[in-house]
Amino acid sequence: MNVSTPDNALPESENKSQDQRQRYPVICIDGPSGAGKGTVTWRLAQALGYQLLDSGALYRIVGLKAFEAGLIKPGADVECEIDGLKLLKLTQSLEIDFIPNNESGRVDILVNGEAVGEKVRNETVGGYASQVAVFPEVRTALLKLQQDMATRSGLVADGRDMGTVVFPNADVKVFLTASAKARAERRVAQLLNAGQEADFEAIFTTIKARDARDENRTTAPSKPAEDALLLDSSVLDADTVYHQVKKHCQERGVFFDY
Ligand code: C5P
C-alpha cells in the first residue's frame, strides 16, 4: 500500500527508527466520531501550514474496498466473518493520494487514481471501517505510511490511536470526546441541514455500538494517551474547542503566526 500527499517527494531511509523519522512537530487529535476532531484538525493544519492526516479515511477506504470486493456484508454494522488474508492483500494493493481542498475544507482522496469523494463519508462506510480496523494485519499495513507523513512537514493527525500507537512521541496529544447523546444530536442536525432524513434512536444506537467496538478491540483500542489533554466537547462550540486546543499547543511550544 502506498499513500502520497502533494509534498511527499523527499527520500527517506527505511532503517530509521520512528523516533528519528519523526523530526517535524506532530499534533495528535484522537477521540470518537462526532466529537469535533475533523474541524479542529483542519483549523490547526491551516493555521500552522502543516499536513493533515485523516487516519479514519484510510480505514474507511479499506472498509469500502473490502465491501466492494465482497469481503463484508451490506449494512453498516452487520457483524460478519472477514477473511483476514484477503483483507490484507487488498489493503496492500491500494494506492492512496490525499489532496487538500481549500474550498471544501476537507481532503480529497484518490484511490488507485480514482476519486472516492463523499463515498467514504457516510455511516455505512464508517461501520465497514470499524470492522476492518479490528484486524491487526490491516493496522500494521497502515502504520508506516501514517508515520511517514511526519517525515515531510509538521503534521496534525486525527484518529483513535495517533497518540498511543502511531506517534507515541508526538509534541501534542489531545483526546477530544463528547457524550454519545451529544454526538448523535449533532449528527441528526447535520443530516437535517443537508435535507436528509435522520432517526435519532438509530444514530444513537450505531454510535454506541461503534464506540464499543473501537474501545474494546485488542489492537490499538480507542483511548487517551497517558500524556493527552482530555477535552469534552459535549457543551462546547467548535470555536471554543479550537482555542482550547490551540492554547494547549502553544503551552507545548508550538508556534502560531496568528
Ligand atoms: O474517524 P472516522 O469516523 O473516519 O473513523 C472510522 C473508523 O475507522 C472508526 O470507527 C475506527 O473503527 C477506525 N479508525 C481506527 N483508527 C484510526 C482512525 C479510525 O481504528 N486511527
Would you kindly derive the ³J(HN,Hα) couplings of the range 225-232 from the backbone phi angles with the Karplus curve 6.51 cos²θ - 1.76 cosθ + 1.60 (θ = phi - 60°), listing them in order in whole Hz, with x for Gly and Pro?
-> 5, 4, 9, 8, 6, 9, 9, 9
Hey, if you put +1 on the Cβ of every Lys and Arg and -1 on every Asp and Glu Cβ in the chain, which of L52, A150, L236 ends up farthest toward the positive end of that dipole?
-> A150
Flagged links, alpha-carbon separation over 23 Å, of K181/K247; K65/K86; K144/K181 | K181/K247; K144/K181
What aspartates and glutamates sit close enough to K119 to cross-link, taking a C-alpha to C-alpha distance under 16 Å and skipping anything fewer than 8 places away on the same chain?
-> D54, E68, D97, D108
For the chain the mean separation of alpha carbon contacts under 8 Å (6+ apart) over residue count, i.e. relative contact order in percent, is 32
Given charges of +1 on the Cβ of Lys and Arg and -1 on the Cβ of Asp and Glu, with all other atoms neutral, how large is the dipole of the chain about its Cα centre, in debye to the nearest 20?
-> 260
Rounded to the nearest 0.05, FRET efficiency between K144 and K223 (Cβ-Cβ, R0 25 Å) equals 0.70
Cβ-Cβ FRET estimate between E215 and A194, R0 fixed at 35 Å, reported to 0.05 | 0.80
Would you compute, from DSSP H runs of 4+ residues alone, the mean residue ellipticity of the chain at 222 nm, taking -39500 (n - 2.57) per run and dividing by the full residue count, rounded to the nearest 500?
-> -13000 deg cm²/dmol
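Laboratory data are not the source of any read-out in this text; all were calculated from the coordinates shown. Computed from a prediction, not measured in an experiment: that's the story for all the values here. Note that each Cβ is placed from the backbone with ideal geometry, even for glycine, and that neighbours are counted across all protein chains shown.
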